1. Sequence-distant or interchain residues sharing an amide H contact under 5 Å with HIS60, placed H: which?
2. For the range 4-142, build the charge dipole from Cβ charges (+1 Lys, Arg; -1 Asp, Glu) around the Cα centre, then report which of LEU132, VAL111, ALA122 sits farthest towards its positive end.
3. Work out the charge dipole of the chain with +1 on the Cβ of Lys and Arg and -1 on the Cβ of Asp and Glu about the Cα centre, then indicate which of LEU141, PRO80, SER93 is farthest towards its positive end.
4. List the longest stretch of the chain that has no exposed loop site; here a site is one of the GluC sites (Glu not before Pro) assigned by DSSP to anything other than H, G, I, E or B, with at most 15 other Cβ within 10 Å.
5. For GLN21, what charge total do you get from the other residues with a beta carbon under 15 Å from its beta carbon, if Lys and Arg give +1 and Asp and Glu give -1?
6. For the range 4-142, with only Lys/Arg (+1) and Asp/Glu (-1) charged at the beta-carbon, what is the dipole magnitude about the Cα centre, in debye rounded to 20?
7. Largest first and in whole Å, what are the equivalent-ellipsoid semi-axes of the chain based on the Cα gyration tensor, each being the root of 5 times an eigenvalue?
8. Would you compute, from DSSP H runs of 4+ residues alone, the mean residue ellipticity of the chain at 222 nm, taking -39500 (n - 2.57) per run and dividing by the full residue count, rounded to the nearest 500?
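Values in this text are rule-based calculations from the coordinates and carry no lab data. Everything numeric in this text was worked out from a predicted model, so none of it was measured. Reconstructed Cβ throughout: ideal geometry from the backbone, glycine too, with neighbour counts over all protein chains shown.
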Amino acid sequence: MAKLYFYYASMNAGKSTTLLQADFNYRERGMHTMVWTAALDDRFGQGFVTSRIGLKTEAHKFEPETDMLASIKEEHGRKPLACVMVDEAQFLSRDQVIQLADVADKLGIPVLCYGLRTDFQAQLFPGSAALLGLADALIELKAVCECGRKSTMNLRVDAKGNAVREGQQTEIGGNDRYVALCRKHYLEKVRG
């Protein structure tokens with residue numbers, strides 16, 4: 001039976017790298033996959049999943065209105081899919097997560113989603129909340145805080161490295177805008 005998986009972590013835990021390795025493993029065995037990423041994430045060009053260690057692959061782009069089930073079903077009809085993988089899964093809508101559950105349940109295709117659990121204010125993203133509630137398997141990937149403990153939080157910083165406490169939930173950025181920290185150091189920096 002196919003399952004819906006949610007691999008979650010703070011920034012810099014290797015989520016995209018893990019996705020790219022899984023995609024490679026399927027393709028190396030001659031299996032067809034479908035990789036997705038959020039259209040709004042254009043750090044490395046739209047329509048690509050790219051890891052900080054230099055791995056990269058083309059991906060289908062999802063937007064809030066994308067019908068993932070219909071797109072995946074169409075692709076599966078052309079060439080049977082062995083697996084569907086979604087990067088930046090925190091940007092999925094609840095409806096899209098339900099569609100991905102249907103991909104696993106009705107089409108029998110495993111779905112591997114990779115994303116952040118919380119934003120810079122320690123609030124769940126809508127896609128992450130839906131995945132935490134609906135996924136068959138929850139897998140936490142580990143990142144390391146500056147103190148050596150496991151990082152679970154994402155601190156947004158300004159150009160001078162100071163903590164940003166307010167703003168839009170979504171602001172695309174990498175190491176220039178976010179620092180992965182353990183809860184203790186996150187709270188220390190947010191509280192000033």
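1. Counting only residues 5 or more places away or on other chains, the set is VAL35, TRP36, THR37.
2. Projecting each Cα onto the dipole axis, the largest value belongs to VAL111.
3. Final value for the positive-end residue is LEU141.
4. Numbers: sites that count: GLU65, GLU146, GLU166, GLU171.
Of all site-free stretches, the longest is 66-145.
5. Around GLN21, the charge tally is +2.
6. 420
7. After diagonalising the Cα gyration tensor, the semi-axes are 30, 16, 15 Å.
8. -9000 deg cm²/dmol
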